[in-house]
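Below is one structure; the comments refer to it alone.
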Amino acid sequence: MTFTPRLAAGTALAAGTALLLSACSAATNSTDPDDSQNAADPATPVTVVLDWTPNTNHTGLYLALANGWYEDAGLDVTVIEPGETSGLQLLAAGQADFAYSVAEGLLPARAAGADVVSVATVIEHNTSSLLSLADEGITRPRDLEGKNYGSYGSDLETAIISSLVECDGGDPALVNHVPLVSDDFRIGLTQDQFDVAWVFDAWDTVRLGEVDGMDVDTIAFRDWFDCIPDWYTPLLATTGATIESSPETVDAFVDVTARGYAAAMDDPQAAADALMVAAPELDEQLVTASAAWLADKYADSPESWGVQDAATWDTFSQWLSDGGMLAGDPGVDAAWTNEFLPSQS
């Protein structure tokens, strides 16, 4: 499995009926009768849609499941993967309760009329980078002049690349955008299909650099926030209707999920182990290294996991609007809330 930014090239919410997705409930390790729900007080069913196949961005969820914490809180959590229909579409269609998503998807969805709200950011700051082989000499944005950028073809990509290069004194017109023919960045880079690509550090940078031992360079977005905005990717969303009708369920789910991510920060090996049990097809070496890399990236501290900042939302929303990537008013002030996070309640 290669984790790429494909789903992070957000577009407005599409119309249509949600596709039928296969689903499975994650088992827990709790067998203590004292932890079981009374038959007269059945657990509340909760469906969570991932933004991709299981990976280390989801370790808090899987660690909480493995420890039985959702069950202890009276929740029966089912995790499903997205198909052609995104998590936000499933939320809007009433076919899911929570979904992992991204800010560049949530804001256009809201502008198109979807009742979706971010209740936590999974990672405090954007961990995207532009990755290249070290012998290409691409160490800063203006070095992209004359290079081939492997593109997914999204407006967001073009805007980010152009902003970075121009801000660094380069000419964006001299960057060649070539279509990605494969999500396997190792093949693309070594077979000269492209010189540089957008990746997430916690997965492909770790995979290529630490696990595969390739000599790579990265231009981390977080080092260039004077040129481009920060934004939340991924985040955890629900609907305004769910918040209004079942605030106790939202509170319980967010509280336990925050506990899961705090535990993942404190013990990344336990987080990696929980993910491997849920998705044994993954590369264990990569999962272990990635969980360790993310341990201090999820938040400043375990206690502050999930907290979102108004300035980050406002700046990113305005940047999308100014760049013609956000049509309509997303009502950004109502697009997110921290009220269910244990550190804010």
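Rule-based calculations on the coordinates, nothing more; no lab input. What you see is a predicted model, and the numbers here were worked out from it, not measured in a lab. Quick reminder, even Gly has a Cβ in these numbers, built from the backbone with ideal geometry, and neighbours come from all protein chains shown.
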Amide hydrogen neighbours beyond the local backbone of VAL102, cut-off 5 Å, H modeled: LEU235
Span-rule helices in the chain, defined as complete DSSP H runs reaching 20 Å or more along the axis (Cα) with Kyte mean at least 0.0: 247-266
Cα centre as origin, Lys/Arg/Asp/Glu Cβ charges: the chain dipole, Debye: 640
Signed unit charges on C-beta, dipole axis of the chain, positive-most listed residue CYS167, VAL79, VAL181: VAL181
Value of Rg/Rh across segment 128-223 [Cα atoms, Kirkwood radius]: 0.93
Under the Debye formula (equal points on every Cα, no solvent term), log10 I(q)/I(0) of segment 198-345 at q = 0.19 Å⁻¹: -1.28
Segment 234-333: GluC sites (Glu not before Pro) in DSSP coil with no more than 12 other Cβ atoms inside 10 Å: GLU281
At R0 = 25 Å, FRET efficiency that the Cβ-Cβ distance of VAL178 and ALA327 yields, to 0.05: 0.35
Within a Gaussian network of the chain (alpha carbon springs, distance under 10 Å), most fluctuating of MET214, MET325, MET265: MET214
Top of ALA327, ALA291, ALA258 by mean-square fluctuation, Gaussian network on the chain, Cα under 10 Å: ALA327
Prolate/oblate/rounded call for segment 63-131, Cα gyration tensor, a/c under 1.5 rounded: oblate
Whole-number D in µm²/s for the chain (Stokes-Einstein; Kirkwood sum over Cα pairs; 20 °C, 1.002 mPa s): 104
Footprinting exposure proxy for HIS177, HIS125, HIS58 (fewest neighbouring C-beta atoms within 10 Å first): HIS177, HIS125, HIS58
About the Cα centre, charge dipole magnitude for segment 128-223 (Lys/Arg +1, Asp/Glu -1 at Cβ), debye: 120
Helix-only mean residue ellipticity at 222 nm for the chain, each DSSP H run of n ≥ 4 adding -39500 (n - 2.57), per residue, nearest 500: -9000 deg cm²/dmol
